[in-house]
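The values are calculated or read from the model by the stated rules, or taken from the named source; none is laboratory data. Quick caveat: nothing in here was measured; it's all calculated off a predicted structure. Cβ: placed from backbone, ideal geometry, glycine included. Neighbour counts: every protein chain shown. Areas reflect the complete protein model, heavy atoms only, side chains present, ligands, DNA and RNA absent. Shrake-Rupley method; radii C 1.70, N 1.55, O 1.52, S 1.80 Å.
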Amino acid sequence: TGMLSDFAAHFPSSLTALRLGDVGSVHGGMGAPDLACCVSALTNLRELAACKVGVCITALASLTQLRDLQLHHFSFLLPQPDNPA
């Protein structure tokens, strides 16, 4: 997630649409980056399209404005505990 999350840190919180192509190849082909950690702060996001990403459904739940979600070649990630013991 390093490259993707560094890039996503520069997204304005007012962003309403985000389309990411083959994120797996941008990420160096080392597994699917975790999309949720990169977009969870974008609470105004209405459209999200991505390819080759890892998706945690509970993390995406914060995107309450989301109306159009298009994911291709994705994998589900297990929710991570907030405070591992």
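Summed over the stretch 50-59, the residues that are open to solvent by 20 Å² or more (accessible area, probe 1.4 Å) and outside any helix (DSSP H, G or I) give a count of 2.
For the stretch 73-85: of the residues being hydrophobic (A, V, I, L, M, F, W, C) and either open to solvent by less than 100 Å² (accessible area, probe 1.4 Å) or in a loop (DSSP other than H, G, I, E, B) (or both), which is modelled with the highest pLDDT?
74
State yes or no: is residue 32 touching a strand residue (DSSP E or B) at 6+ places or on another chain (Cβ under 6 Å) and modelled with pLDDT under 80? In short, yes.
Taking (1) open to solvent by 30 Å² or more (accessible area, probe 1.4 Å); (2) modelled with pLDDT under 85; (3) not polar (S, T, N, Q) in turn, residue 38 satisfies each apart from (1).
From the set of residues in the stretch 40-70 that are small (Gly, Ala, Ser) and under 11 Å from the mean Cα position of the chain (by Cα), which is farthest from residue 12 (Cα to Cα)? Outline the logic, then answer.
Let us first name the residues in the stretch 40-70 that are small (Gly, Ala, Ser), namely 40-41, 49-50, 54, 59, 61-62.
Imposing the further condition that a residue be under 11 Å from the mean Cα position of the chain (by Cα) reduces the set to 40-41, 49-50, 54, 59.
Details: 40: 12, 41: 9, 49: 17, 50: 18, 54: 22, 59: 19 Å.
Top of the filtered list is 54.
Out of curiosity, is residue 70 exposed (fewer than 14 other Cβ atoms within 10 Å of the Cβ), closer than 15 Å to residue 19 by Cα and among the polar types (S, T, N, Q)? Yes, satisfied.
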